[in-house]
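The values are calculated or read from the model by the stated rules, or taken from the named source; none is laboratory data. Note that the structure is a prediction, hence the values are computed from the model and not measured. With ideal geometry, Cβ positions are generated from the backbone for all residues, glycine too; neighbour counts draw on all protein chains shown. Only protein heavy atoms, including side chains, enter the accessible area calculation; ligands, DNA and RNA are left aside. Shrake-Rupley method; radii C 1.70, N 1.55, O 1.52, S 1.80 Å.
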Amino acid sequence: MKLMAHSFGRALMSQMHFRMLWLTILPFLLSVAIWGLLLWWGLQPMIDWLQDFFVSYRIFGVAGSILDWVSLGALKVVIVPLIAMWVLLPLMIITALVFVGLWAVPAISRHVGSRHYPQLAQAHGGSWWGSLWTSLWCFGVFVFAWIVTLPVLIFPPLVLLLHPLLWGWLTYRVMAYDTLADYASVDERRAILLAHRKPLLLIGAIAGSMGAVPSFLWLGGPLAVVFFPLLAAVSIWLYVLVFVFTGLWFQYYCLEALRKMRTDVATTTVDSGSSAA
């Protein structure tokens, strides 16, 4: 817990550094550009398809009854656009996280490593394709779980529990690999992930709670539909900011854990050698 709190404080201070704030700009601009074009071309056809799907399978009646039961009957008129937005949300998250992984995480690694761990040797136990594979299968699981749990949006307390858990799992799996890719060997990475699994999962859960905050911008009912482009842009920037901070937190924690592990191994080796002599 001490290491987790200490790395949190160091990440918070580093987040205020100009270089780290700058890292949020390019992923944000690229994500907004891509989603601006995709929404311009594809949002209305997607809404039309969902509208036809709801009409064909008579889902409007069921959805209306559920909304009336939870005193949200006013949302019946915008239920299709709201569902479209909540289906698109994890895809926007993935886009932001991919650009952060490609652009920000390597810069975070260089920033933290050169300033605070210049003597820590790089074992290069990870690779870009390993990072890509880890990200892709984790994203696939995340998107599937997000879509499956969409019905719980009508029960806000469950949203507060499920979405941070999903974020936490995704963050832990992706960030833990990326932050150790340059510095740790394969065996060292596995040893750290095994020895520090609970703290790393807790960091992921806390980061997941922070990452769930932008999602509440989309709970504004009809207003969320009206201000959809603005909410999408603000949400993407907040996601990027959370991802950069999370990358810093994992980087400080994992590099410090790696440094201590190597120190302990070296000490044990010296002691064993002395005993043998």
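Answer yes or no as to whether residue 71 is modelled with pLDDT under 75 and not in a helix (DSSP H, G or I).
Yes; evaluated as a whole, the condition is true for this residue.
Suppose the filter is open to solvent by less than 80 Å² (accessible area, probe 1.4 Å), in a helix (DSSP H, G or I) and modelled with pLDDT under 70; does residue 89 pass it?
Criteria not met by residue 89.
Can you spot a residue in region 26-37 that is closer than 18 Å to residue 87 by Cβ, modelled with pLDDT under 75 and surrounded by 14 or more Cβ atoms within 10 Å (Cβ to Cβ)?
no
Does any residue of region 237-260 turn out to be modelled with pLDDT of 85 or more, of a type in the set (Phe, Trp, Tyr) and surrounded by fewer than 24 Cβ atoms within 10 Å (Cβ to Cβ)?
yes
Pick from region 123-142 the residues that are of a type in the set (S, T, N, Q) and touching a helix residue (DSSP H, G or I) at 6+ places or on another chain (Cβ under 8 Å): which of them is modelled with the highest pLDDT?
134
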